[in-house]
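The values are calculated or read from the model by the stated rules, or taken from the named source; none is laboratory data. Remember, predicted model here, so these are calculated numbers, not experimental data. Cβ placement follows ideal geometry from the backbone for every residue including glycine, while neighbour counts extend to all protein chains displayed. What goes into the accessible areas is simple: the full protein's heavy atoms, side chains included, and nothing from ligands, DNA or RNA. Shrake-Rupley method; radii C 1.70, N 1.55, O 1.52, S 1.80 Å.
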Amino acid sequence: MAGSRLPRQLFLQGVAAVFLFAFASLYTQIPGLYGTEGILPARRTLRPQGKTRWQQLWEVPTLLWEAPRLGLDTAQGLELLSLLGSLLALGALLLRRLCHPLTYLLLWVAYLSACQVGQVFLYFQWDSLLLETGFLAVLVAPLRQPSWGGLSGASPHEGLPFWLVRWLLFRLMFASGVVKLTSRCPAWWGLTALTYHYETQCLPTPASWFAHHLPVWLHRLSVVATFLIEVAVPPLFFAPTRRLRLAAFYCQVLLQVLIIITGNYNFFNLLTLVLTTSLLDDKHLAAEPGNSHCKKTPTFWLKALLILLLELTIGGLLAYGTVHYFGLEVDWEQYTVHSRTTFTFHQFSQWLKTVILPTMWLGAASLGWELLTALWRWTQVRGWLQKLWAAVQLSIFGTATVALFTISLVPYSYMEPSTHGRLWTGAHRLFGAVEHLQLANSYGLFRRMTGLGGRPEVVLEGSYDGHHWTEIEFMYKPGNVSRPPPVVVPHQPRLDWQMWFAALGPHTHSPWFTSLVLCLLQGKEPVILLIQNDVARYPFHKQPPNFVRAQRYKYWFSQPGEQGQWWRRQWVEEFFPPVSLGDPTLDMLLRQFGLQDKSPPRARSSSNILTQALHWVRRQLSPLEAPTLLWGLILTVGAIKVVQALLGHHPSGSCPAAREEKHRPAPKDSGVTPAPTNSSSSQPPQRRK
């Protein structure tokens, strides 16, 4: 495999950008979600319970235990962490020297600290994915910034942690495809999932409306393509040839870009795109031409022919398998493609039992090759002192890589219980010891398609007299049938997301909803700002309603030709009964869910300089809607990057590397001899790094 320095730099920049989005998005919602007047005050989550300081820090690993020492409550400490995390991520994006393991360790610790008190609003798979990716970034980031001399200063161990990124991408995509079938969801098995998905997903975009009205045969074919990309293509991440890995890369990019266009999934798809950098290499990113004038021996042509045959064979098998197992038939008269699932659940379950263990061995074999490659590079290090230091680094990072791979096998095997039970007991013990740190997680997105009979939606209503009701419209989730779906990526409005989950069942399955109703009856402004950033658009901004209730509706996209309407809806049932302050029903629910505030917040001095600074920052940023703030940050970073490029400053150190490597010989006293590369761009590389 060609060098991976440029992909590693791209990966680190991408992780920093996602951390920036995650922290900034969370910061805008902290008062309404976790403040003293929020839905689920964060201070209730941290109870010392007579344990020692280090014991409680290990069991609940969050820096927010130390907030009182700074004169802050838990929510204020969370605000401080989010601000510092945003600034640190911004620095890593703009300053080359901040792309350091310590930077990413601080980002990981800060986000882990936030997740410990985030409760249901931070229980999303992409939050776990960001934590796992962030920890890998700690290992991938270089201890010292390389010189602008290309790969001559590369350390032998550098490719090992980056391989874990590829393994994480494989686990994420393969599991996401498999769980769609193991769930026995009729929409996925019937290839009709996308005829519902665009309409029933949490936060559609305007493009979702147009995608929803595409022909049914194209929706079915798109489901087939999804299974192909998520189940059949991921093993190619470990293919021995560059072209197969690059083909797998572009398949994943295509899927993620289409999801970004047709759905508001915050930073999740951006983070997945960041993971795909592990499939790239320096030759592809720098577009380096091969040495075409180099002499091509018969051995070269034989090897190139064998590799081409391998690639054609794999491509042919994928094409045949897709046509055979999904019954693809072209109807030339109607210009459509018919598709159907030709295998049964039992057959798929047997296939899964057969392949899960081999995929683990595939990962182990690929990791073994990476270790051998790193060992070979270590033998090329010159100078006993450099060799000793390289051996120490290789031992540490090699051990960490093997340990993390072993840990990850446990959550990976969850999708096949029999394989999970046969897994080495040492792996289970190791995973159990660090499970609370979220170093490895199980994944499986879009497991079941919801809303097959119409999109369920909860609509809150308020009233002063209990007879005349006014709807309370949210900024982002569907409500008003004539309002177009918004584009909010990379922001995640976490209350809107939880409202979508709440609509899937009774309100008792979402205890936080009772707390939301109480906050609206009390007129808590931080919560109101989660619903409408412009308070004047909130129908009860002058006086809180005396009564609040919630209705469940079913929503459908409007049909083409219905002017001025994006949605159609139909009332289904009452979701939450009408209640008022002091209502026995409300009090009973608050007691049942443990939401009554038995210990009022401890009064803290407002003269604290840190508290005043946090209040000042909040006042400056509160007029901005969260998507506006995040896009402002994106444009600012982009503008600074352009200025740096125009001034000839290369903060990442990657731009001149390719040029100088081409025109300048390697230094005679460099610590590491570069691995051999192929003489032609058409010839696949001999080694994977």
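What a 1.4 Å probe finds exposed on segment 167-261 is 76% carbon and sulfur by accessible area, rounded to a whole percent. Please report the carbon-and-sulfur percent of the accessible area for segment 49-158; probe 1.4 Å, protein heavy atoms only, DNA, RNA and ligands left out. Carbon plus sulfur share of accessible area: 66 percent. Spin-label model, His509/Gln612: points 7 Å from Cα along the beta carbon direction are separated by 5.0 nm. Within the chain, the longest run free of exposed loop sites, counting GluC sites (Glu not before Pro) that sit outside DSSP helix and strand states (H, G, I, E, B) and have at most 13 other Cβ atoms within 10 Å, spans 1-332.
Ranked from largest to smallest solvent-accessible area, with a 1.4 Å probe on the protein heavy atoms, His346, His197, His436, His541 come out as His346, His541, His436, His197.
With r as the distance between the Cβ atoms of Val481 and Arg537 and R0 = 22 Å, compute the FRET efficiency 1/(1 + (r/R0)^6) and round to 0.05. Calculated value: 0.80.
The angle separating the long axis of helix 159-182 from the principal Cα axis of greatest extent in the chain is about 50 degrees.
Subtracting the Cα-Cα distance of Leu362 and Gln380 from 0.36 nm times their residue separation leaves 3.7 nm of extension gain.
Surface composition of segment 523-645: carbon plus sulfur atoms contribute 56% of the solvent-accessible area (1.4 Å probe, protein chains only, all chains present). Can you tell me the 0 to 90 degree angle between the C-alpha axis of helix 5-27 and the longest principal axis of the chain, rounded to 10? Result, in degrees: 10.
Working note: 222 nm ellipticity from helices only, DSSP H runs with n ≥ 4, each -39,500 (n - 2.57), summed and divided by the residues of the chain, gives -17000 deg cm²/dmol to the nearest 500. Estimated at the nearest 10 Å², the accessible area of Ile640 is 60 Å² with a 1.4 Å probe. Among residues other than Tyr555 with Cβ under 11 Å from its Cβ, the summed charge is +4 (Lys and Arg +1, Asp and Glu -1). Note on exposure: Lys387, Lys353, Lys180 ranked by accessible area (1.4 Å probe, complete protein assembly) read Lys353, Lys387, Lys180, with the most exposed listed first.
Averaging the sequence gap over all C-alpha pairs within less than 8 Å and six or more residues apart, then dividing by the number of residues, gives segment 365-467 a relative contact order of 21 percent. Ile609 contributes about 130 Å² of solvent-accessible surface, heavy atoms of the protein only, 1.4 Å probe. Take the Cβ atoms of Trp217 and Trp424, set R0 to 56 Å, and the FRET efficiency comes out at 0.75.
Under the simplified labelling scheme, the Ala319-Ser349 pair shows an inter-label distance of 3.5 nm, with each label point 7 Å from Cα along Cα→Cβ. One chain, two ends: Val337 and Leu95. Fully extended at 0.36 nm per residue, the span grows by 82.0 nm beyond their Cα-Cα distance.
Taking 0.36 nm per residue of separation and subtracting the Cα-Cα distance, full extension of the segment from Gln559 to Thr399 would add 51.8 nm. Computed from the C-beta positions of Val120 and Trp58 and an R0 of 25 Å, the FRET efficiency is 0.60 to the nearest 0.05. Spacing of the modelled spin labels on His468 and Gln49, each 7 Å from Cα toward Cβ, amounts to 5.1 nm. Averaged over its residues, the chain has an accessible area of 45 Å² per residue, based on protein heavy atoms and a 1.4 Å probe. Across all C-alpha atoms in segment 405-468, the radius of gyration and Dmax reach 21.5, 64 Å.
Cβ under 15 Å from His507's Cβ, His507 left aside: what net charge do those residues give with Lys, Arg +1 and Asp, Glu -1? Counting the neighbours of His507, the net charge comes to -3. Angle of helix 609-621 to the longest C-alpha principal axis of the chain, folded into 0 to 90 degrees and rounded to 10: 90°.
When the Cα positions of Ala400, Ala22, Met449 are compared along the charge dipole of the chain, Ala400 comes out farthest toward the positive end, with charges on each C-beta of Lys, Arg, Asp and Glu. What is segment 394-552 by shape, rounded, prolate or oblate, if you read a ≥ b ≥ c off the alpha carbon gyration tensor as root eigenvalues and call it rounded for a/c under 1.5, prolate for a/b larger than b/c, and oblate otherwise? Since a/c reaches 1.5 and a/b is larger than b/c, the shape of segment 394-552 is classed as prolate.
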